[in-house]
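In what follows, a structure is listed as structure tokens, so that the remarks can point back to it.
The values are calculated or read from the model by the stated rules, or taken from the named source; none is laboratory data. Treat the numbers as computed from the prediction; the structure is a model and nothing was measured. Here the Cβ is made from the backbone with ideal geometry for all residues, glycine too, and neighbour counts use every protein chain on show. Accessible surface is based on the protein model in full, side chains and every heavy atom, while ligands, DNA and RNA are left aside. Shrake-Rupley method; radii C 1.70, N 1.55, O 1.52, S 1.80 Å.
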Amino acid sequence: MGLIEVYFGSIASIITLIGLAQGYARELGRSMIIIVAIFLLLYVEDRLNPILTSAWQMVFPAKDLSAQQLFLSNFYLVAFVVTIFAGYAGRVITFSGQQWPMPQGTILSLLVGAINGYLISGSLWYYQDVYGYPLSSLGWISPELSPIAVELVRYLPQNIMPSATPWVIPIAILLLMRVRG
Amino acid sequence: MSETTPGTVAFVLYVLLFGWIGFRRGLFRELSVLTVSVGGFFLLQQNQGLALDIVRQVLGIIFGVISIGAKLLASLRAGGADGGQEPVYTLGPSEWLSEADQPTVSFLVWSGLLLLTYMLTNKAIPDNQSSSGLLAAIIGMGNGLFYIPTFAPRLIAFIPEVGVASVSTPGTGVQGFLRSVTDMMESNFDNIWEALGPQQPILAAIALTVLLVAVISTLRRGQN
């Protein structure tokens, strides 16, 4: 088991490299999908958690809080990953216009890729952090956080914008820009 | 008007100034500076010993040239090829650069590198390759924000009651790099971030939106 910040940092790096390979014109559409996914999950989380918990307790009456946390964490993890996968594998929302040539275009692709990497990796980390790192019970990650990880957790996307409302701002503006063409 | 108002106004003016510099200099130049300043800062933080060695080597060459020149001058004055009877003393770089000077030397190297990058990018990158715009202004502001935690502790070291922490934490590898980044977050960016108080989420949302809109605006420009 490695350090959790290296684990999620690697995910962010891979997504950044994908952004570099794909170009920022395509990555911007994915940014929009990622932000929508974050908004939706934050919006439904408080409303959905009691229902999910009740459903879990109906199937598994024995009180096992760690298993319940693992279920909730995995539910949001899977929902988020499926949405993001659809954004990457499916039809991509694109913004009209050509992207800048190298080297500025490459730097912008890296920048947008890094934003997407931060949003995706940060969200995956958040759904581990908020449910007490349930994957550690499977031995996948270490529950012990280093001082660096403790500091980085404060800057996860959902910790910076804990309410769903502020996420509407980028969604609305990007949507307007997409419609306007 | 609260006690923090002058500070807030100064901060806004400072950020606007760097935004304006970024707008004037253009995106490519500002990105080059950002890469050199951020990359150079963290690299030098982690390799302070290496920076000191390189500076010593460079100074050794300079001192060597000065020493040869001094000997030559002395020999000319004495009128003989052996340089006369009086020995010429020159100070070696290791005599006035000790291991304790590592943070100072690495900071000075970084400052010199930054200044050089500003001057070189002005000369080497043509105007038409470094387009002005919102994104250039944002990157310029980013540069300005990065300079606060790097320069401020040194500038106000004479005023201890201000209490801004130093960010010079040497380390190696990925851990050292992350430690430097988180040190910076903890010490100074953290202060700025905390000062935003309850406005943090909305300002973060606006910052993310402006950044993405700025990138999208480059697509439109490319269409023309």
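Quick notes on this one:
- Of all the criteria given as (1) within 14 Å of chain B (Cβ to nearest Cβ); (2) open to solvent by 20 Å² or more (accessible area, probe 1.4 Å), the one not satisfied by A:GLY122 is (2).
- Pairs, first at pLDDT below 70 in the stretch B:189-209, second surrounded by fewer than 17 Cβ atoms within 10 Å (Cβ to Cβ) and assigned to a helix (DSSP H, G or I), C-beta under 6 Å, six or more apart: B:LEU196/B:LEU203
- Residues in the stretch A:1-47 that are open to solvent by 50 Å² or more (accessible area, probe 1.4 Å), under 24 Å from A:LEU135 (Cα atoms) and more than 15 Å from the chain's Cα centre (by Cα): A:MET1, A:GLY2, A:LEU3, A:VAL6, A:ASP46, A:ARG47.
- A:VAL112 hydrophobic (A, V, I, L, M, F, W, C), within 23 Å of A:PHE8 (Cα to Cα) and free of Cβ contacts under 8 Å to residues at least 40 places away in the same chain: no
- Contact annotation: residue pairs with Cβ atoms under 6 Å, 6 or more positions apart or on different chains, pairing a residue in the stretch A:5-24 that is within 12 Å of chain B (Cβ to nearest Cβ) and farther than 13 Å from A:GLY122 by Cα with a partner that is polar (S, T, N, Q) and in a helix (DSSP H, G or I), are A:GLY19/A:SER109; A:GLY19/A:ASN116; A:GLY23/A:SER109; A:TYR24/A:SER109.
- Meets criteria (touching a helix residue (DSSP H, G or I) at 6+ places or on another chain (Cβ under 7 Å) and crowded, with 18+ Cβ neighbours inside 10 Å) for A:LEU145: no
- A:LEU135 away from chain B (no Cβ under 12 Å), open to solvent by 10 Å² or more (accessible area, probe 1.4 Å), in a helix (DSSP H, G or I) and at pLDDT below 90: yes
- Residue count for the stretch A:97-110, restricted to those that are open to solvent by 50 Å² or more (accessible area, probe 1.4 Å), facing chain B (nearest Cβ under 7 Å) and within 23 Å of A:ILE171 (Cα to Cα): 2.
- In the set (1) within 12 Å of the chain's Cα centre (by Cα); (2) modelled with pLDDT of 80 or more, B:LEU134 fails one condition alone, (1).
- Test: A:VAL81 is more than 14 Å from chain B (Cβ to nearest Cβ), under 19 Å from A:ILE14 (Cα atoms) and open to solvent by 20 Å² or more (accessible area, probe 1.4 Å): yes
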